[in-house]
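Novice: Starting off with a structure, shown below.
The values are calculated or read from the model by the stated rules, or taken from the named source; none is laboratory data. Every value quoted in this text rests on a predicted model; they were computed, and no experiment measured them. Glycine gets a Cβ as well: all are built from the backbone with ideal geometry, and neighbour counts include every protein chain shown.
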Amino acid sequence: MQRTLSIVKPDGVNKNLIGEVIRRFEKAGIGVIALKMVHLTKKQAEGFYAVHRQRPFFDSLTTFMCSGPIVPMVLEGKDAIKKVRDIMGATNPKDAAPGTIRKDFADSIESNIVHGSDGPDTAAFEISYFFNATEIFELKG
Ligand code: CMP
């Protein structure tokens, strides 16, 4: 079993896609073990995406991520990190495969509906950024 962090970004929340995103994960056997809705400050968005600080899109990305509420969640399942990224599709919706979330709903590489951790170390950092141990649950059965 593996854990990962996913976020329904401000554009996904505005397009009423919270349920659709979760449905696609659950349908693939990935369980939600923590969930909340938050509105980040610019500083909090910059802390979350600190690894991208030197990128030209950093300011635009972090401004977008605090433009409205987002829904971070912890997901658990076999190969959850890769499965979630496969379900999301490529970062740029133009490159995303048919049937993926980003192909179906995303407007651009920045407004791309959903985030998913890209590896185990990133997942551990990103989960702890939004959730403490008492906010993460065990699934039975
Ligand atoms: P995400 O999976 O949240 O991780 C980093 C984000 O940066 C990525 O999704 C995109 O939304 C954004 N991003 C990546 N590359 C670019 C780019 N070239 N221009 C704007 N945003 C980008």
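Novice: Take the residues of segment 26-47 that are over 23 Å from residue 61 (Cβ atoms) and touching a helix residue (DSSP H, G or I) at 6+ places or on another chain (Cβ under 7 Å): which is surrounded by the most Cβ atoms within 10 Å (Cβ to Cβ)?
Specialist: Restricting to residues being over 23 Å from residue 61 (Cβ atoms) and touching a helix residue (DSSP H, G or I) at 6+ places or on another chain (Cβ under 7 Å), the top hit is 30.
Novice: Next question, about the same structure. State all residues of segment 56-74 that are farther than 17 Å from residue 43 by Cβ and among the β-branched types (Val, Ile, Thr); if no residue qualifies, say none.
Specialist: Selection gives 71, 74.
Novice: Suppose we filter segment 84-110 for residues that are among the charged types (D, E, K, R), near the ligand (Cβ under 9 Å from one of its atoms) and either under 20 Å from residue 66 (Cβ atoms) or touching a residue at least 60 places away in the same chain (Cβ under 8 Å) (or both); how many remain?
Specialist: Number of matching residues: 1.
Novice: With the requirement that a residue be modelled with pLDDT under 95 and either under 18 Å from residue 9 (Cβ atoms) or of a type in the set (Asp, Glu) (or both), what does segment 86-141 give you?
Specialist: 138
Novice: I would also like to ask the following. Check segment 59-73 and report whether any residue there is surrounded by fewer than 19 Cβ atoms within 10 Å (Cβ to Cβ), within 25 Å of residue 39 (Cβ to Cβ), free of Cβ contacts under 8 Å to residues at least 24 places away in the same chain and among the charged types (D, E, K, R).
Specialist: yes
Novice: Same structure, new question: What residue, among those in segment 111-121 that are more than 17 Å from residue 30 (Cβ to Cβ) and under 13 Å from the mean Cα position of the chain (by Cα), is farthest from the ligand (Cβ to nearest atom)?
Specialist: Top of the filtered list is 111.
Novice: Checking residue 99 against (1) within 13 Å of the chain's Cα centre (by Cα); (2) at positive phi, only one condition comes out false. Which one?
Specialist: Status for residue 99: all satisfied but (1).
Novice: Turning to a different aspect of this structure: How many residues does segment 19-45 contain that are within 16 Å of the ligand (Cβ to nearest atom) and aliphatic (A, V, I, L, M)?
Specialist: Number of matching residues: 4.
Novice: State all residues of segment 82-96 that are over 11 Å from the mean Cα position of the chain (by Cα) and within 14 Å of residue 26 (Cα to Cα); if no residue qualifies, say none.
Specialist: 83, 86, 87
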